[in-house]
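All remarks here apply to the structure that follows.
Every read-out reported here was derived from the displayed coordinates using simple, explicitly stated rules and does not represent laboratory data. Given the structure is predicted, the values throughout are model-derived calculations rather than measurements. For neighbour counting, all protein chains shown are included, and Cβ atoms are generated from backbone atoms with ideal geometry for every residue, glycine included.
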Amino acid sequence: MTLTDSRRPPSLVDEPPEEQLVPRSGSELTQQLLELVQSGDLESPEFRQGLEALEQEYQDEVYAELLFLLSHLRFSPPEAREHWQKIVEHRERLVAGIQSAVDLRAALVSYFLDSHTLLESPTVIELRVLENARNFAFRDSLTGLYNYRFLRDYLPREIWRADQYNTPLSLVVADVDDFKIYNDRYGHEEGNVALSRIAVLLEESLRKIDIAVRFGGEEFVLILPSTPKTGARSVAERAREVVWREEMQGGESLTLSMGVATYPADASDERELLRHADRAMYRAKSKGKNQVELFGNDRRSFSRIRLALNGELHEMSPQAYPFETIDVGSGGLRFLSDRSMAVGSLVDVDLLISKTAGSLRLAGRVVSSRETETGGFETAVRIVEIDSQDRRQLGLCLRQASTSAELA
């Protein structure tokens, strides 16, 4: 079971503050935690082992989702980990004080009610009942897909994950072409049947990690985590063709115009990402419909900024080789050096951001290396590993450089 605050309806029907991080509703992590919590005793070795296994894969995010399931309170992942550790310690003190077993859920209520007053009027509700209510609130009644409200809550979370793990997030906006004509010809009931069928086809064409959303009317959105723009185009093309080949009422076919945008190359936040994917979709319509259009006609998933920074790289040896960057992005960098590098090789990079900010470290893979007309070598490296603090520092540097370029 879980708890909510009886002063108001459960937060699933509230409007969450814009700055809050929201749960991965319906995600694989949430489902795994649900199964783990519902399997029995939260003090059992099986629960602890399961939680540790999820932590290895999802890091602090697992605690944000766990606390949301158990208390319906939202925290950022680092805050959630800290609260969970204190809840465990609080339970140990309760056990020592009353000389009796105390369930972790009871300790959680006591912790938030007495120690932090984040709950003022808690009420107990069976977890299964709450999850059914949440699913109902986040689902479109006609197609069974997730709805606009889910998209609004879920997308900021995926933006956060893309930043944390330095992976691209792609969005596809799809609109059914000439749907009004189809509706007028066969009636709204048949139109609803067609939309429901398209929803099924879209879901069947996606991978397990992807999510289809009914955005409204005859418009759909596909959320593609950890997917570069070229991969998103392949997913969109597959979905477009599947829908196009399906016979609807009267043997007619319905087609989709689809637009693709990718974070962070095409947008700085979730609103801009959705707006740019929508703009690309309308461009697909203007070019003849039944096609996929990339925002900006650019395949790149990470934006790059022309930026001259000094650095050193190591290639499987302590020997350091100096270089100067040509451009830098959150997904990689391009630089000039005095030596050629083998494509596919792994390198360690020390990049000097500034005298005040210092340097950051990253591991990368060489994706291209060519000799220039002046005799040096131009090399491109894709980032494969960078810790969260250095990633934030790199992101801050890029934002500052981008702002300076706009003002220049």
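Points to keep in mind about this one:
- Spin-label zone in the stretch 164-178 - amide nitrogen under 15 Å from a point set 7 Å from the Cα of residue 286 along the C-beta vector: none
- Taking Cβ atoms as reference points and 12 Å as the exclusive limit, the residues near residue 240 contribute a net charge of -2, counting Lys and Arg as +1 and Asp and Glu as -1.
- Packing-based exposure ordering (other Cβ within 10 Å, fewest first) of 285, 180, 208, 229: 208, 180, 285, 229
- Quotient of C-alpha Rg and 2.2 N^0.38 Å, computed over the stretch 245-348: 1.64
- For the stretch 148-297, diffusion coefficient by Stokes-Einstein and Kirkwood Rh (Cα), 37 °C, 0.692 mPa s, µm²/s: 214
- Counting only the Cα atoms, the stretch 304-407 fills a convex hull of 102 Å³ per residue.
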